[in-house]
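Inspection log for the structure reproduced underneath, given as structure tokens.
The values are calculated or read from the model by the stated rules, or taken from the named source; none is laboratory data. The shown structure was predicted, so the numbers you read here are calculated from the model rather than taken from an experiment. Heads up, the Cβs are rebuilt from the backbone with ideal geometry, glycines too, and the neighbour counts pull from every protein chain shown. Accessible surface areas use protein heavy atoms only, side chains included; no ligands, DNA or RNA. Shrake-Rupley method; radii C 1.70, N 1.55, O 1.52, S 1.80 Å.
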Amino acid sequence: MKISFAPTNSGSPRLVGRVVEQDRLPTDLPVAMAEGARASRFSGKAGQVFEGFMEEGGNVVRLALVGGGKPGGEERLANLERAGAALTAKFLTSGEKTLGLDAGHSGLDADEVAAVISGMRLRAWRWDTYRTKLKEEHKRSLAEVVVMGAPDGAEVAWREREAVAEGVEFARELVAEPANIIYPESFVERCEKRFAGLGVELVALDEAQMRELGMGALLGVSQGSMRDARLLVLKWMGGAAAARPTVFVGKGVTFDSGGISLKPGAGMEDMKWDMGGAGAVAGAMLALAGRKAKANVIGVCGLVENMPDGNAQRPGDVVTTMSGQTVEVINTDAEGRLVLCDALTYVQREFTPEVVVDLATLTGAMMIALGHEHGGVFANDDALGEQLLAAGRLSGDKLWRFPLSPAYDKLIDSPIADMRNVGPRWAGSITAAQYLQRFIEDGVKWAHCDIAGMVWAAKPGATWDKGATGYGVRLIDTFVRENCEG
């Protein structure tokens, strides 16, 4: 969606949107609009929309009032994003091509206007690439928003948010693409094109290089697929030269059949989004580079496909990880932690970071615990855990903290190897985190975000359509903004 700015409402489009504070219907509305809004019980609650027509200067204007919620409070910007998103959702397929956002009469400051635009842009994203027979009334028509009469600084504030919106859209694109289009090699190729000219250093390790490094766990997952694995490294060094980088690691299982421990057929098509953690990391790196973040950040994506051919690893196999620790593979469908453990060892040895955060659609148990409202977070450092929780609240990518404890750790001990890749039925998300913690070196602050319930939505949300949500991009961007930039 194109966003442009105009100084006044002169020559405005036929469709105009205006943000209204809760319980404060503007006094300058035509009588018919005001009475219609009251009769429709429009009160200005966040995301509530009332539409009417009025005559202005000899032209018919299609006016949409959208609720911005109550002024002030910590939910203010989130409510305004919701307001912008509601406008887009209402008119995306309306036949209107342009919407004029009347910022001048809405009484919003620069950051508030930028939040409204952000919501509009995020909600406009829809992946129609393979839909060739959409009826005309179902096709997207809304292509441009003209922001009219915005206060000073609004365009600058939007440009910051625009970079993040582009990162969210890129993550959604990667997650939405089917597994025959996005697989480890093509994931890397898509990133090479998208990051060209942005100042991001991109390195992709192939299977021979990973084998040389001893990544037996990651390669064990990949060995049943005709698609070769990749370890993608994205480096943005926008901070002080001497500052140690913050590293984000994403699980990138581009399709997860479960391997020999085959998943049930019903719903298996959803497993194209098992690379949602890697999508979030790639999208966040695009956002950070796009807004020229003043921080040293490295994103690493462990990219594999988990398939059950005659060469696939079996339950009971033992693999040797890059760390030298051995793992008895009890269940080949617990593959994400096998990918992550080698990626985590690699980043610690290669970059000596102070902070490492991984994001992964790791366990179904997390969806049982939290549904689709929060991602789960585990941390070996309380301050880091609180920083991530705060970033989740600010960004809208919400997290809920879970425990780590030696009492759980013993559940993954193996009688023939250093550990097993799964524990018993109970506390499945916790034992997965305990497994990953065994690969974190002393002195490294580490957090694990299990985002299994968040990267894909079965129905539309406040700022996304059904499908890929882009969850994690704004979490990472906000964490970096609040904790890593000067």
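Using 0.36 nm per residue and subtracting the Cα-Cα separation, the extra length available between Asp109 and Glu55 on full extension is 16.6 nm.
Of the peptides 463-474, 247-258, 406-417, 448-459, the ranking by mean beta-carbon count within 10 Å, highest at the top, reads 247-258, 463-474, 448-459, 406-417. Between the alpha-carbon centres of the stretch 120-192 and the stretch 419-437 there is a gap of 36 Å.
As a length-normalised measure over Cα pairs under 8 Å and 6 or more apart, the relative contact order of the chain settles at 15 percent.
Could you state, as a whole-number percent, how many of the C-alpha pairs of the stretch 197-295 are farther apart than 17 Å? Can you show the working numbers first?
Numbers: 2978 of 4851 pairs.
So the portion of pairs separated by more than 17 Å is 61 percent.
Projecting the Cα atoms of Ala163, Val356, Ala295 onto the charge dipole of the chain (Cβ charges, centred on the Cα centre) puts Ala163 farthest toward the positive pole. Computed in the context of the full set of protein chains, the accessible area of the chain at 1.4 Å probe radius has 49% of its extent on carbon or sulfur. Evaluated with a Cβ-only charge set (Lys, Arg +1; Asp, Glu -1), the stretch 414-486 carries a dipole of roughly 360 debye about its Cα centre, given to the nearest 20. Surface calculation, 1.4 Å probe, protein heavy atoms: Glu189 sits at approximately 100 Å² accessible. Length gained on full extension, Glu441 to Arg14: 147.7 nm, using 0.36 nm per residue less the C-alpha separation. Stokes-Einstein diffusion of the stretch 1-134 at 37 °C, 0.692 mPa s viscosity, Kirkwood radius from Cα pairs, rounded to a whole number: 215 µm²/s.
Per-residue SASA remark: Lys139, around 80 Å² accessible (1.4 Å probe; ligands, DNA and RNA not included).
Of the residues Trp426, Trp125, ranked by 1.4 Å probe accessible area with the largest first, the sequence reads Trp426, Trp125.
In plain terms, the chain from Ala39 to Lys70 could stretch by 9.1 nm, reckoned as 0.36 nm per residue minus the Cα-Cα distance. Computed from Cα atoms alone, the Kirkwood hydrodynamic radius reported for the chain is 23.5 Å. Peptides 99-109, 178-188 ranked from most to least packed, by the mean per-residue count of other Cβ atoms within 10 Å: 99-109, 178-188. For Ala457, the amide hydrogen comes within under 5 Å of the amide hydrogens of Gly467, Ala468, Thr469, counting only partners 5 or more places away or on other chains and with H modelled in the peptide plane. Only helices enter the 222 nm calculation for the chain: every DSSP H run of n ≥ 4 contributes -39,500 (n - 2.57), and dividing by all residues gives -10500 deg cm²/dmol, rounded to 500.
Dipole orientation for the chain: of the candidates Ile412, Val146, Ala379, Val146 has the Cα lying most toward the positive pole (charges on Cβ; Lys, Arg +1; Asp, Glu -1). Taken about its Cα centre, the chain carries a charge dipole of roughly 1000 debye when the Cβ of each Lys and Arg holds +1 and the Cβ of each Asp and Glu holds -1. Using a probe of 1.4 angstrom and keeping all protein chains present, the accessible surface of the chain works out to 41 square angstrom per residue.
Ligands, DNA and RNA aside, Leu388 has an accessible area near 0 Å² when probed at 1.4 Å.
Cross-link reach is defined here as a Cα-Cα straight distance under 12 Å, omitting same-chain residues fewer than 8 places apart; for Lys139 the aspartates and glutamates meeting it are Glu96, Asp128. Take every Cα pair under 8 Å whose residues are at least 6 apart in sequence, average their separation, divide by the length of the stretch 183-330, and the relative contact order is 34 percent.
Ranked by the mean number of other Cβ atoms within 10 Å of their residues, highest first, the peptides 20-26, 53-59, 418-424 come out as 418-424, 20-26, 53-59.
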